[in-house]
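S.K.: There's a structure below that I have some questions on.
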Amino acid sequence: MAKGNEANEVTERLARTTCDSYQAFVNHAVGLQESNVRYAQGLVEDSIRGLRRQSEKNLEMAHELFERVEEHGDAVQRLAEESVDAYVNLLYLPFSYYTEGLKAANQTPHWVGFPATQDAQEISYPSLLRSRRQGYHQGRHDA
C-alpha cells in the first residue's frame with residue numbers, strides 16, 4: 001500500500017501543481033485584462049480631455065472671430081460715414097463759396113446787385129434755393 005500512497009501523493013501533487021499553474025494563468029490573464037481595461041479607460045479619458053480642450057479652443061476662437069467681425073463692421077461703418085460726409089462736403093463746396101460770396105456782397109454797397117439789408121447769417125444754401133424758386137415762379141406768373 002505504500003506504493004498506493006505514493007501514487008496518491010504524486011497524483012495529488014500533480015493535481016495541486018496543475019491547479020496552481022491554472023490559478024497562476026488565470027491570475028495573470030485577469031491582471032492583463034485589468035491592465036487592458038485601465039489602458040482603454042485612459043485612452044478614452046485622454047480623448048475626452050483632448051476633445052474638451054479642442055472644443056474650448058474652438059469656442060475661444062469663435063468669440064475672437066466674432067469680436068473681430070464686430071470691429072471690422074464698426075470700422076466699415078465709420079469709413080462709410082466719413083466717406084458720405086466727405087462727398088457731402090464736396091458737393092456743398094461750391095455752395096459754401098457762393099454763400100461766402102454772398103456774405104462778402106452783403107458787406108458791399110447794394111448797387112452791386114445784392115440787397116444790403118439782408119443779414120449775412122440768413123444767407124444759406126436752403127434760403128438761396130427758396131429765393132431762386134420764388135423768383136422763378138414769379139417770372140412764370142408775370143409772363
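S.K.: Regarding segment 74-82, can at least one residue be identified that is out of contact with any Ser or Thr (no Cβ under 7 Å at 6 or more places or on another chain), in a helix (DSSP H, G or I), polar (S, T, N, Q) and surrounded by 10 or more Cβ atoms within 10 Å (Cβ to Cβ)?
M.R.: The initial filter retains those residues of segment 74-82 that are out of contact with any Ser or Thr (no Cβ under 7 Å at 6 or more places or on another chain), namely 74-82.
Okay, now just the ones that are also in a helix (DSSP H, G or I), so 74-82.
Add one more test, that the residue is polar (S, T, N, Q), and what stays is 77.
Filter once more, keeping what is surrounded by 10 or more Cβ atoms within 10 Å (Cβ to Cβ): 77.
Yes: segment 74-82 contains one or more residues that are out of contact with any Ser or Thr (no Cβ under 7 Å at 6 or more places or on another chain), in a helix (DSSP H, G or I), polar (S, T, N, Q) and surrounded by 10 or more Cβ atoms within 10 Å (Cβ to Cβ).
S.K.: Restricting attention to segment 17-33, does a residue exist that is at pLDDT 90 or above and charged (D, E, K, R)?
M.R.: First, pick out the residues of segment 17-33 that are at pLDDT 90 or above: 17-33.
Then keep just the ones that are charged (D, E, K, R); that gives 20.
Yes, segment 17-33 contains at least one residue that is at pLDDT 90 or above and charged (D, E, K, R).
The values are calculated or read from the model by the stated rules, or taken from the named source; none is laboratory data. Owing to the predicted nature of the structure, the values given are computational and were not obtained by experimental measurement. Every residue, glycine among them, receives a Cβ derived from its backbone with ideal geometry; neighbour counts consider all protein chains shown.
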